[in-house]
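What follows is a short report on a single structure.
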Amino acid sequence: MLRQIKTLIIIFFTLIFFQLNVNAAEILDINYLIEHARELDGKEVTIKGEAVGEQLERKDFSWININDGTNAIGIWTKNDDANAISNYGSYKYKGDTVIVTGIFYRACSKHGGEADIHSMSLKVTEKGHLIHEQVSSEKIIRAALICGLSILLFLFYYRSRNNH
């Protein structure tokens with residue numbers, strides 16, 4: 001009995017000190033993937049980021065690009081998963097935020113030797129939206145002053161050139 005209690009105490013403290021978490025997949029930065037490409041090549045990884053650009057369909061699969069703020073990477077995924085994304089990031093749009101789990105390849109032989117992730121699951125966690133950008137009145141005033149100054153300089157140059 002004493003031996004079992006000692007074993008339970010050791011297991012308990014091991015779990016506390018090492019904080020083992022077997023249920024949740026660790027979300028990695030894309031930069032981390034690139035910096036540790038050799039070690040992670042062929043391994044299952046999970047990333048989170050904004051879908052950017054556009055969906056590029058190739059028969060039953062699609063290419064999408066994910067940017068997490070540290071870098072971007074191409075994702076090879078089923079069309080059904082890619083079709084769940086409704087907004088792709090661009091100048092006017094904030095793209096959908098997605099979590100992708102898949103196999104990371106540092107130099108994928110199937111796709112021209114580029115680094116990519118072959119998706120096993122893709123989940124949209126936040127919908128993107130149109131970006132409403134307002135130009136401040138200060139910028140408008142500065143632009144008008146610069147235009148006015150440019151016109152005056154042009155007129156001064158044109159007048160001085162014609163007087164000679």
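The values are calculated or read from the model by the stated rules, or taken from the named source; none is laboratory data. From a predicted model like this one, the values you see are computed outputs, not experimental measurements. Don't worry about glycine lacking a Cβ; one is built from the backbone with ideal geometry, like all the others, and counts go over all protein chains shown. Only protein heavy atoms, including side chains, enter the accessible area calculation; ligands, DNA and RNA are left aside. Shrake-Rupley method; radii C 1.70, N 1.55, O 1.52, S 1.80 Å.
One table, with the values for the structure above:
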quantity	calculated
Residues within the range 96-153 that are under 18 Å from Glu44 (Cβ atoms) and small (Gly, Ala, Ser), tallied	5
Pick from the range 70-83, criterion in contact with a strand residue (DSSP E or B) (Cβ under 8 Å, 6 or more places away or on another chain) and without any contact (Cβ under 8 Å) to a residue 40 or more places away in the chain, ranking: most open to solvent (accessible area, probe 1.4 Å)	Asn83
Cross-chain or 6+ apart pairs with Cβ under 7 Å, the range 48-61 first and in contact (Cβ under 8 Å) with a residue 60 or more places away in the chain and more than 13 Å from Gly128 (Cα to Cα), then of a type in the set (Asp, Glu) and open to solvent by less than 100 Å² (accessible area, probe 1.4 Å)	Lys48/Asp68
Only listed residue being more than 30 Å from Ile66 (Cα to Cα) and at pLDDT 90 or above, chosen from Lys110, Lys123, Lys139, Lys127	Lys139
Residue in the range 122-129 that is loosely packed, with under 11 Cβ neighbours inside 10 Å and in contact (Cβ under 8 Å) with a residue 60 or more places away in the chain present	yes
Filtered residue count, the range 84-110, keeping only those that are open to solvent by less than 40 Å² (accessible area, probe 1.4 Å), more than 13 Å from Glu50 (Cα to Cα) and not in a strand (DSSP E or B)	1
Total residues in the range 25-69, condition open to solvent by 40 Å² or more (accessible area, probe 1.4 Å), within 16 Å of His118 (Cβ to Cβ) and of a type in the set (Gly, Ala, Ser)	2
Residue in the range 60-83 that is among the small types (Gly, Ala, Ser) and part of a helix (DSSP H, G or I) present	yes
Residue that is nearest to Tyr32 (Cα to Cα), among those in the range 111-120 that are part of a strand (DSSP E or B) and among the hydrophobic types (A, V, I, L, M, F, W, C)	Ile117
Identity of the residue in the range 130-164, surrounded by 10 or more Cβ atoms within 10 Å (Cβ to Cβ) and closer than 30 Å to Tyr88 by Cα, that ends up farthest from the chain's Cα centre (by Cα)	Ile140
